[in-house]
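For reference, the structure is listed below as structure tokens.
What follows is calculated from the coordinates using simple rules that are stated; it is not laboratory data. The structure presented is a predicted model; accordingly, all values stated were derived computationally and were not measured. A quick note on method: Cβ atoms are made from the backbone with ideal geometry, for glycine too, and the neighbour counts reach across all protein chains shown.
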Amino acid sequence: MQGLATTRLSSKGQVVIPEEIRKRLGLHVGSQFVVVGENDVVILKTIRRPSMREFDALIRKARQQARRSGMRRSDIGKAIARVRGRK
């Protein structure tokens, strides 16, 4: 594991990510994380906006899966209306 460091939990429940690790990972003020905790393990996973290339790939994959499942464009409108409480 590269960049091993230790830190402490503050009285406010805050944890400082060491500067070297913040720089290496490109973390800035306002960076957001998903926090997973189980037993004695805590994992912080950064949340970042996908690039346009990644977003296009996600959309393409979703459309392919929708076609394979037989979903039609009209099904999407019906599902949205159902969730919003309309028929």
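Is the shape of the chain best called rounded, prolate or oblate, per the rule: a/c under 1.5 gives rounded, else a/b larger than b/c gives prolate, else oblate, with a ≥ b ≥ c the square roots of the Cα gyration tensor eigenvalues? Judged from the Cα gyration tensor, the chain comes out prolate (a/c at least 1.5, a/b above b/c). Packing around the peptides 37-45, 15-23, taken as the average count of other Cβ atoms within 10 Å per residue, puts them in this order, highest first: 15-23, 37-45.
Taking the Cα centre of region 1-48 as reference, the dipole from Cβ charges on Lys and Arg (+1) and Asp and Glu (-1) amounts to some 200 debye. How large is the helix-only mean residue ellipticity at 222 nm for the chain, computed as the sum of -39500 (n - 2.57) over DSSP H runs with n ≥ 4, divided by its residue count, in deg cm²/dmol to the nearest 500? Calculated at 222 nm, the ellipticity per residue is -13000 deg cm²/dmol. Helix 73-83 and the long axis of the chain differ in direction by around 60°, with both axes built from C-alpha atoms. Charging the Cβ of each Asp and Glu at -1 and of each Lys and Arg at +1, and nothing else, the dipole of the chain about its Cα centre rounds to 1000 debye. Were the residues from A79 through R63 laid out at 0.36 nm apart, the gain over their Cα-Cα distance would be 4.2 nm. Could you tell me whether region 1-48 comes out rounded, prolate or oblate from its Cα gyration tensor? Rule is a ≥ b ≥ c as square roots of the eigenvalues, rounded for a/c under 1.5, then prolate if a/b exceeds b/c, otherwise oblate. Note, shape of region 1-48 comes out rounded.
Farthest towards the positive end of the charge dipole of the chain, among the residues S69, V16, N39, is the Cα of S69, using unit charges on the Cβ of Lys, Arg, Asp and Glu.
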